[in-house]
1. May I ask you to derive the FRET efficiency for B:Ser471 and A:Leu119 from their Cβ-Cβ distance with R0 = 35 Å, giving the value to the nearest 0.05?
2. Return, ordered by residue number, the residues of region B:320-364 whose backbone nitrogen is under 18 Å from a label point located 7 Å along Cα→Cβ of B:Thr451.
3. Jot down the per residue volume, in cubic angstrom and as a whole number, of the convex hull over the alpha-carbon atoms of region B:133-233.
4. At 7 Å along the Cα-to-beta-carbon direction for both B:Tyr279 and A:Tyr44, put a label point, then send me their distance in nm to one decimal.
5. Starting from the Cα of B:Val387, step 7 Å along the direction of its Cβ; do the same at A:Tyr139; then give the gap between the two resulting points in nm.
6. From the phi angles alone, apply the Karplus equation (6.51, -1.76, 1.60; θ = phi - 60°) to region B:21-26 and give each ³J(HN,Hα) in whole Hz, x where the residue is Gly or Pro.
7. Can you classify region A:71-142 as rounded, prolate or oblate using the Cα gyration tensor, where a ≥ b ≥ c are the square roots of its eigenvalues, rounded means a/c under 1.5, and otherwise it's prolate if a/b beats b/c and oblate if not?
8. Relative contact order of region B:13-121, please, whole-number percent, based on alpha carbon pairs below 8 angstrom and at least 6 residues apart.
Amino acid sequence: MATPLTLYIPIKQNEIAQLAAKALYKDFMAIVTPILTEIQIVHYARLILIPNASGEGINAITLITVFDGAMNPYLNTFWDSGFDFKALLNAIAAIAVTHPPLPILTESSFENFINSNNLSQPADLYQAYNDTVVQVIAYNQG
Amino acid sequence: MSGTTTSPSPDKSNIQGLILRGYTHPYSCHLMFSFKAPTVTLNTKGFFSDLYPKVQPAVDWGNNKPASMLNIGITFNGLKILGVAKSSKSTFPYEFQQGPWSGGSQQSLGDFDDSSPSKWWYNNFQNNDLHCVVHAYALTETDLTQIISIITTSAITNGLTELLPLKAGDGRLYQSIVENDPNKIHFGYTDGISEPALTTPTSQATANQADLDNFLIGYPQYSLIDPGPSSNISSNPEAQFAFDGCYNAFRILYQDVAAFNNFLIAQATNPDNVAKLAYLGLNQDELVEWFAAKLVGRWRNGSPLMLSPDAPNPATADEEDFDYTTPKAPNPDVPSSMRCPFSAHTRVANPRDQTLTQGEGTLGVPRILRRGVSYGAELVGNTNDNVDRGLIGLFLCGSIAQQFEKLYGWMNYNNFSPPPDYSVTKPPQDALLGNRPSSANSGNYPGVVNTFTIPILNSANPPQPDSIVISGLPLFIQTRGTAYCLLPSLKALNYLATGVMPTV
């Protein structure tokens, strides 16, 4: 089964937070590509900066991804993937309007932060195919 | 979460006994309550005050085994009513907050069709209304009757509503004894083998999944699981209350014993199977036991197939010092499947040193503490008598998601068994406990097959391998209901009885 995750995190409206959001957007692919390639459960992932309605500045960071496995146990795979992911998460949390006490060091704090900002439910996903990432790779390898 | 000093040792007098030891009391009843009080004033403080003196801590009882005792679990909805858990922005784990019927948990538990959460507890009550489970244990039937009376009288006096989970009898969950052995389950296997050692780690390097700090809340120093809530404990009342607690995935599973017995007989009398297995020289009854062992990975007496591949052996009945890999083999996981099939229940639930896919992470195989007993009368013969019987499962863990739900997900979708017979493109399910998906929900388990493959030797040319492939594995179990409870510490229960918050 694939699980949708739509992480919508409104950010602070100050200059530091706004610059940090732009930096996160710029660095996102370089940070996550080796992690996601290694764990082989993520179909797609992208980070989006949502503009304010006024057109000035950034309202929120949104991370959209679809990954294999159940939401609850497999969030751990991301948390367990190493320092870079934890640093990325804490950088996002640091500019969030609402966040748990920083830094986020425990698994349960991480899970609650993700789940409290996730706008998708497991059933909220259309899939053209049901195959998992490892299955797709296996098929491609013949 | 680093360092080299010994992790602090928990105070056993503050931990509910069920967490550190399995009880052998032959009588037990698992009573369920709601804190909803439509007609009288609810007095939970009075209820917990009445029950507190009978709560068994984890200290050694020496030679004076208590005649009766109890342990208590509380759901997240119960904790909210008690004023312990916050209604919003709670720091308790998300899956505990949401409950086992939630979409997130059901991704792992896979309770479809007749097992659906919408049908749990025979619809005698709503899932959200279950707030407290009291586990009562006794040495005699009279002792059990007395402690049940203490509990239910207090419940009535203090405005709690008892919830009845079954249809049969008085609707309560009583332990039953199968084959005069409290450790036997209705399928005939000895249960409770291969429990985590609950060791105390002394460094990060020696930390492993069987350590106690992965089951008890509040010992994050070397914990791989880090049970929560544990952060900011000095300023977080939820973490203070949860300290020294443990979660219980309380799951009631109906077991279709007639279907199981007849499945075994059908396999043992199938002419193709009999011909392929002729080289073993087994009679029909012995073949039944052989198939029963292959389904689980242990003979019904407990002997693991990895150590006793040909017949049960009393000397290995409790043995768990074995692994599945053959280091120098081309695929190290495969040779062991000649003894223990990949989707045998005990191999799926604890694959030990078997290779996992990258997506399973790097922390190793999660463990759980099993404290289950049987319910319902023993089946006589092999014809379905429509009696409700099965397992009262108490699966204790520090993280419901990382331990219970992860292992349950593997039972429903075991996608790390290696090729060539097993493949990521056609993953099997646990041969005994997998919830077989119907076509309507098979998309949840991409490519899943309901076959069970047993590697054997080729009877015509014994050094060469062959296999028995059983198609259409039946559904042997049905979920009657599930609740996620916190087993709070003794100090936390005392808080519920007195209003004095525990200090950590």
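Only the coordinates and a few stated rules stand behind these numbers; no lab work does. Here the structure is a predicted model, which means the values were calculated and not measured. Positions of Cβ are generated from backbone atoms using ideal geometry, with glycine treated the same way; all protein chains shown enter the neighbour counts.
1. Values: r = 42 Å, r/R0 = 1.20.
It comes to 0.25.
2. B:337-338, B:341-344
3. Values: hull volume 18.8 nm³, N = 101.
In region B:133-233, the Cα convex hull volume per residue is 187 Å³.
4. About 5.1 nm separates the two model spin labels.
5. Result for the modelled spin labels: 4.9 nm.
6. Per-residue couplings from phi come out as 8, x, 7, 10, 4, x Hz.
7. Numbers: a/c = 2.83, a/b = 1.79, b/c = 1.58.
It is prolate, given that a/c is not under 1.5 and a/b is the larger ratio.
8. Working: 57 pairs, mean separation 27.4, N = 109.
Value for region B:13-121: 25 percent.
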